[in-house]
Amino acid sequence: MGNIDKALHHLKRTIDEQEQSQTVTFEDFLRILSARPELVVRNIFQTFHDMIHSYVGAGRDEYPDDPESINYVDYDCSRLFVENTDHPFFADRLLANRLINHVDSMKTSMQQNKLYVFEGPPGSGKSTFLNNVLLKFEEYANSDAGTRYEVVWRLDRRMLARINETQLGSFVDRLSVLLDEYELGQAELAEMKSNVYRSGDYVELCCPSHDNPLLMIPKKDRRQFFDDLFKNDEFKWKLFTEKEYEWVFREKPCTICSSIFEALRQRLPNPMDIFRMIHARPYRVNRRLGEGITVFNPGDKPMKQNVIGNEQLQKKIDALLGDSNAVRYIHSSFASTNNGIYALMDVKSHNAERLMELHNIISEGIHKVEQVEENVRSLFIALMNPEDEKAIEGFKSFSDRIEFINVPYVMDLHTEVDIYRHIFGRHIDESFLPRVIHNFARLIIATRMNSKSEAMLEWIEDPSRYAMYCDENLLLLKMEIYAGHIPPWLTEEDRKRLNAKRRRRIIDESESEGVTGFSGRDSIKLFGEFYSANVRKDKLITMSSLGSFFKNWRSDLIDMLPPGFLDSLVRNYDYTVLQEVKEALYYFNEQQISRDILNYMFAVNFENGSTAICNYTGEKLEISNEFLCSLELRFLGPNASDATRIKFRSETQKEYASRTLTQEIMVEGKEPVQTNLYKTLHEHYVNNLKDKSLEPFLDNENFRRAIKDFGTDSFKTYDQRIRNDVTFLIGNLGAERYRYTSQSAREMCVYVIDNDLARRFS
C-alpha cells in the first residue's frame, strides 16, 4: 500500500469511527443520560444559561459582608466577548449584571415564550455583542460540556418486512453469474450477498426539529419512567419540582416523529421494537449552515415558500410503511433552529416582516406548515435601535411578549478605559500620569448621563457639602457607584444612608442613560485626537493637558459636558492624588499609636483628677481634661471643637462599657486590640496622621527640588534627611498599591506641591 492509499485508508477509518461513535442506540443514550443527567436534560434556555455562566463565572462582590447587598457584582466577561473573537465587545458592569439577571430568569419556564430585544443607540456595539454571543454559543454547544442530543430514526426494513427477500436473492444470484469472470469464491460471494442485504437494512431519518430523544417517551409514561431511571438524588428532586424542567413533562415531539412513532405502533406488536429504531446523536450547531443558529440581516430576502420537504425520503417512508398518509415529511425553516437560536440583526426592512411572523410562534410555540402544526421552542433574539420600536406599535399582545435589554453606550469608566487600551495598545498608560486616562473616560461618560438624578438627590440632599470632591449634580459620585466603588470622602452618615433600596434606585436609573452623548465611535476618535496631540517622550500627559484639550483644542465640545463638570473633575483629581501622596509619605510608630489608643479606652472610664494604672499598657495615667483632650485631637484633628470632643468622649465610654469590655473582652475573649472600638479609634488616629504628613515639607523648596532631582547625580547633594524622606515617598508610590513609575511619581509630587493642594484641602 502506497503512502497516499495508506493515508486515505486511515482517514476513512477515522471518519467512520467518528460517525459510529456519534450516533448511539436509545439504550446507550439512556446510559449517557443516567451518568450525566444535568447536561442531557437541557432545552435551549437552560443550555444558553449554562453557556453564559461557563464563560463569565460567578462574579465578584466588593462588599461581600454587606447585609443589604443587591447582588450588583463585578463580572469578568472577557472570555465571552473578547478572547478569541475577531471584534471584541466590552461589556460594562451595568450591562453584565443586566445580562446575567435576564439569563437567570429565562432559564425558568416563565420567561421562555419571549422575544429578547437588545436595544441600544447606533454605535453601542449591539451587532458585535450578538455576534460574539452566537460565536461562543456555537463553540459551547459543540463541546463536551454543551452537548445535547437529538433524535435519529433508523427504520429497519427487515423488521417491517417490506423487502421482498426472494427478489433480492435472485438479484444477487444473477450478479454472481455476471461476475464469474472474476472467479470469485463461495466465501466472497456470501460476503457480497450479506453486504447487499445490509446496505438496505434501514432508512435513516434525522428529526428536522432536533427533538431531544426524551420526548419520544409517551407523555403519560414519563414520570414513572424517570422515577424508575433515576436514583433519589438532588437532580431527581429538581427534575420533579423545579419549573425549569417542566418542559420535560409538557412538550411533545415534532409531528414527523410523532407520526412515525404512531405508524410503527400500528405495525409492531412489541413497543420495544420501536425504541430499537430510535437512536440519538449530538445536536451539532452550525451558524453558516443554519443549523441551531439562524441569523437574518435586514437585507436578507424572505423565502418564497417556507415549506421544506424531501421527495426521495418521503417515497422511502411511504414504501416502508405501506401508507402514503402515515407520515408527512414537511417542515419549515423554523425547524432548523428549534431548540436553538433565531436572531434578527436590526429590525428593519425584511426583518420587520420576520418580527411580525414571530407573533403567533412566540405566543403559542406553534407554527403552521400547510395543515401540519410544527412545534417551535427556540430562543428568539433581535437587535433594535430605539427609533425602530414603531415596528411593534399597535401590537399590545406582542409587546407583552417582548423583553427589552438595554445595550447603551458604556457607563462604567473602567470599561471605557479598557476600550482605549484595546484600540491604541496598553502601552498608552506609560504616556499618562495615573488617573488621567480614567478622567478622560469620566468626561465622555458624563455626556451619556442624565443631568439630574432623583435617586442621588434623595440620598444626598445637600451636594454642596462635597463641593471639593464632586460636581453639583453628583455625577462623579454616581459613576463611582456604577463602578461598584464607594469613595472615601463620603461621611460615615452618608455611607450608612446608602442602603440597598437607595443603591437599587441609583442603578435602575442607568436604564434611561447611555442613549445620548458621545457614542463609542466618537469617544475612540476623540481619545485618538487627545493622545496624538499631547504624547511626548520626555513628559507625561497631565490633567492640565486634558483640561486644555476640551477648553482650547476642542472647545466646540465643551457644551456637551455638564456645566461645571470639568472643574469638579479637576478638584476630585486633586483631592485623590493628594491622599495618595500623603499616604505614601507618612510613617508612624505603631507601638506608640497602640499605647495611646489603649490608654484612652481605659482612661475615659475615670473622673478627671484620677490616677490609675492602665490594665492594657501598665502605664500610670494622670487623668485630666488636658490629657484626654490631647488624645482626642489626634483622633479628630486639630480643629475639633470642644463640643465635638466631649460628644466623642461620651460615645467612646458608652461603647467601651456596653460592648467592648462586657461582651468582646469578657465574653468573647478578644484581646483589646481585636475589638471594634480599638479598630475604629486606630482608623481615626492614622487618618489624622496622614493629613499632617505633608506639613513639614510645604514651604521647603529643597524638598521640591530633591523630588525633581531624584534618580540623578544631583540628588546626592541634598541633606540626608531630605534624601531619606524623598526616597521613602517615591518608593511607596511605586509599590504594589499605587504602581507609579519613578517619573510619574516625581511629576505627581511636584504637581501636589506646586498647586498647594495640602492647604486647599485642609
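The values are calculated or read from the model by the stated rules, or taken from the named source; none is laboratory data. Just so it is clear, the model here is predicted, and its values are computed rather than measured. Positions of Cβ are generated from backbone atoms using ideal geometry, with glycine treated the same way; all protein chains shown enter the neighbour counts.
A few notes on this one:
- Residue ranges of strands (runs of 3 or more DSSP E) in region 364-424 with at least 3 members under 23 Å from Leu134 (Cα atoms): 379-384, 402-406
- Close contacts from region 71-87, counting a first residue that is within 16 Å of His414 (Cα to Cα) and a second that is part of a loop (DSSP other than H, G, I, E, B) and charged (D, E, K, R), with Cβ to Cβ under 6 Å and a gap of 6+ residues or different chains, come to Val73/Asp61.
- Only one of the numbered conditions (1) on the phi > 0 side of the Ramachandran plot; (2) more than 33 Å from the chain's Cα centre (by Cα) is not met by Leu229, and that is (1).
- A residue that is assigned to a helix (DSSP H, G or I) and not acidic (Asp, Glu) can be found somewhere in region 534-542.
- Top-ranked residue of region 721-756 - restricted to ones that are farther than 27 Å from Ser545 by Cβ and basic (Lys, Arg), ranked as surrounded by the most Cβ atoms within 10 Å (Cβ to Cβ): Arg723
- Hey, Tyr616 part of a loop (DSSP other than H, G, I, E, B), farther than 30 Å from Ser548 by Cβ, at pLDDT 90 or above and among the hydroxyl-bearing types (Ser, Thr, Tyr) or not: yes
- Counted residues, region 99-126 - those being more than 25 Å from Asn297 (Cα to Cα) and in a helix (DSSP H, G or I): 7
- Tally, over region 436-480, of residues that are touching a Ser or Thr at 6+ places or on another chain (Cβ under 7 Å) and closer than 13 Å to Tyr573 by Cα: 4
- Between Ala335, Ala343, the distinction of being touching a strand residue (DSSP E or B) at 6+ places or on another chain (Cβ under 9 Å), part of a helix (DSSP H, G or I), touching a residue at least 60 places away in the same chain (Cβ under 8 Å) and buried (at least 21 other Cβ atoms within 10 Å of the Cβ) belongs to Ala335 only.
- The number of residues in region 419-476 that are in contact (Cβ under 8 Å) with a residue 60 or more places away in the chain, basic (Lys, Arg) and out of contact with any Pro (no Cβ under 8 Å at 6 or more places or on another chain) comes to 2.
- Residue within region 350-365 that is touching a residue at least 12 places away in the same chain (Cβ under 8 Å), more than 22 Å from Phe45 (Cβ to Cβ) and within 27 Å of the chain's Cα centre (by Cα) present: no
- Selection of region 366-386 for residues being closer than 24 Å to Glu150 by Cβ and surrounded by fewer than 16 Cβ atoms within 10 Å (Cβ to Cβ) yields Ile366, Lys368, Glu370, Glu373.
- Taking region 434-484 as the region of interest, the helices (runs of 4 or more DSSP H) fully inside it that hold 2 or more residues being in contact with a Lys or Arg (Cβ under 7 Å, 6 or more places away or on another chain) are 454-459, 475-482.
- Test: residue in region 351-358 that is farther than 30 Å from Ile506 by Cα, crowded, with 18+ Cβ neighbours inside 10 Å and touching a Lys or Arg at 6+ places or on another chain (Cβ under 8 Å): no
- Exactly one residue out of Val535, Val515 is touching a strand residue (DSSP E or B) at 6+ places or on another chain (Cβ under 7 Å), among the β-branched types (Val, Ile, Thr) and at pLDDT 90 or above: that is Val535.
- Condition check for Lys670: without any contact (Cβ under 8 Å) to a residue 40 or more places away in the chain and part of a helix (DSSP H, G or I): no
- Qualifying residue in region 120-128 (condition: under 30 Å from Glu480 (Cβ atoms), over 18 Å from the mean Cα position of the chain (by Cα) and surrounded by fewer than 16 Cβ atoms within 10 Å (Cβ to Cβ)): yes
- Flag if Lys582 is basic (Lys, Arg) and assigned to a helix (DSSP H, G or I): yes
- Of all residues in region 250-272, those being surrounded by 15 or more Cβ atoms within 10 Å (Cβ to Cβ) and in a helix (DSSP H, G or I) number 10.
- If you filter region 684-720 down to residues that are of a type in the set (Asp, Glu) and in a helix (DSSP H, G or I), you find that the one that is surrounded by the fewest Cβ atoms within 10 Å (Cβ to Cβ) is Asp713.
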